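Colleague: What follows is a structure written as structure tokens; I'll ask about it next.
The values are calculated or read from the model by the stated rules, or taken from the named source; none is laboratory data. Computed from a prediction, not measured in an experiment: that's the story for all the values here. Backbone-built Cβ (ideal geometry, glycine too); neighbour counts: all protein chains shown.
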Amino acid sequence: MKNILYLFAFLFVFSGCKNNQKGTSQNEENTAAYESFTVKETMQAGGYVYILGEANDQVKWYAISLQEVNVGDVFYYTDPLVMNDFYSKELDRPFDEILFLSHVSKDANSLIQPTTRIMNKPSGKVITDQLELRIDKPEGAISIAQLFENRDPYNGKKVMVRGQVVKFSPEIMNTNWIHLQDGTSFDGKYDLTITSGEVVSVGDVVTFEGKIALDKDFGYGYFYDILIEEATIIK
């Protein structure tokens, strides 16, 4: 995939906009900015609703998590993940450009955020609750706590980890994104992100092997202290 852009910036919404225009708040304690589109066509596949949306007499493809979407609905969104030359295996079709939306709603006011969050470093990462787990490691594997505590020696090296899948996001940037926990933590860090071609389900306990990448910054909030890339399942 070429020219993958992360456009996640913490912009915020209020009221009074037209399609594909930014709305602004009259309250100085909140800033607001959003875009919108009207649904013209929909398709469902792979846990997503693919939407052909119209804004300012232009049409674009969008993808949101599976939910009820009807032709004529108006959606408001911020922080799109823009992907070029994206191919959907489930639909068996390419998209020259598609916007994956996580901050999206039919109610623009629900996207309001206080401006104080702008002062903090934004994070586009998925946040998961810590589970109480006890998972035995196979020989040669390390725990998530050990990895976070002593990460530098592992940079660029292959490691083996075993844990429970707590989130699975398929076919983002032509790979699957997996969040793994094993019941251990270090300095409040307990969730390990993995990219892989493997397909798993939430609740699966699996052993992965992959290469460690440190301080991976995709831009606009997608920063990972530790990422395991191109991981494969060890049987």
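Colleague: Evaluate region 111-119: report whether one residue or more is at pLDDT below 90, over 30 Å from W61 (Cβ atoms), surrounded by 12 or more Cβ atoms within 10 Å (Cβ to Cβ) and in contact with a Ser or Thr (Cβ under 6 Å, 6 or more places away or on another chain).
Modeller: yes
Colleague: Looking at region 129-209, what strands (runs of 3 or more DSSP E) fall wholly within it and have at least 1 residues that are farther than 12 Å from A231 by Cβ?
Modeller: Numbers: elements: 158-172, 175-181, 192-196.
So the answer is 158-172, 175-181.
Colleague: Just give me the residues in region 80-100 being assigned to a strand (DSSP E or B) and free of Cβ contacts under 8 Å to residues at least 60 places away in the same chain, in sequence order.
Modeller: As a first pass, look at region 80-100 and keep what is assigned to a strand (DSSP E or B): 81-88, 93-100.
Residues satisfying the conditions are R93, P94, F95, D96, E97, I98, L99.
Colleague: Next question, about the same structure. Just the residues that are exposed (fewer than 14 other Cβ atoms within 10 Å of the Cβ) and under 18 Å from the mean Cα position of the chain (by Cα), please, taken from region 199-213.
Modeller: Listed by number, the residues that qualify are V199, S201, V202.
Colleague: Now for a separate question. For region 214-235, what are the residues that are touching an Asp or Glu at 6+ places or on another chain (Cβ under 8 Å), within 18 Å of G163 (Cβ to Cβ) and of a type outside the set (F, W, Y)?
Modeller: Answer for region 214-235, where residues must be touching an Asp or Glu at 6+ places or on another chain (Cβ under 8 Å), within 18 Å of G163 (Cβ to Cβ) and of a type outside the set (F, W, Y): D225, A231, T232, I233, I234.
Colleague: May I pose another question? Across region 87-100, which residue is nearest to S36 (Cα to Cα) among those that are aliphatic (A, V, I, L, M) and modelled with pLDDT of 90 or more? First the steps, then the outcome.
Modeller: Of the residues in region 87-100, the ones aliphatic (A, V, I, L, M) are 91, 98-99.
After this cut, where a residue has to be modelled with pLDDT of 90 or more as well, the list is 98-99.
Values: I98: 15, L99: 12 Å.
Here the answer is L99.
Colleague: Further question: State whether the residues of region 209-224 include one that is in contact (Cβ under 8 Å) with a residue 24 or more places away in the chain, among the hydrophobic types (A, V, I, L, M, F, W, C) and within 22 Å of L133 (Cα to Cα). Talk me through it step by step, then tell me what you get.
Modeller: Of the residues in region 209-224, the ones in contact (Cβ under 8 Å) with a residue 24 or more places away in the chain are 209-214, 218-224.
Adding the requirement that they be among the hydrophobic types (A, V, I, L, M, F, W, C) leaves 212-214, 218, 223.
After this cut, where a residue has to be within 22 Å of L133 (Cα to Cα) as well, the list is none.
Taking every residue of region 209-224 in turn, none turns out to be in contact (Cβ under 8 Å) with a residue 24 or more places away in the chain, among the hydrophobic types (A, V, I, L, M, F, W, C) and within 22 Å of L133 (Cα to Cα).
Colleague: Inside region 51-84, can you point out the residues that are crowded, with 21+ Cβ neighbours inside 10 Å and of a type in the set (S, T, Y)?
Modeller: Result: Y62, Y76, Y77, T78.
Colleague: Take the residues in region 210-235 that are of a type in the set (D, E, K, R) and assigned to a strand (DSSP E or B), then tell me which one is modelled with the lowest pLDDT.
Modeller: As a first pass, look at region 210-235 and keep what is of a type in the set (D, E, K, R): 211, 215-217, 225, 229-230, 235.
With assigned to a strand (DSSP E or B) added as a condition, the list becomes 211, 215-217, 225, 229-230.
Values: K211: 96, D215: 89, K216: 85, D217: 78, D225: 89, E229: 94, E230: 93.
Selected residue: D217.
Colleague: Across region 172-186, what is the number of residues that are surrounded by fewer than 20 Cβ atoms within 10 Å (Cβ to Cβ) and either touching a helix residue (DSSP H, G or I) at 6+ places or on another chain (Cβ under 8 Å) or under 30 Å from Y62 (Cα atoms) (or both)?
Modeller: The first filter runs over region 172-186 and keeps only residues surrounded by fewer than 20 Cβ atoms within 10 Å (Cβ to Cβ), leaving 172-177, 183, 185-186.
Okay, now just the ones that are also either touching a helix residue (DSSP H, G or I) at 6+ places or on another chain (Cβ under 8 Å) or under 30 Å from Y62 (Cα atoms) (or both), so 172-177, 185-186.
The total comes to 8.
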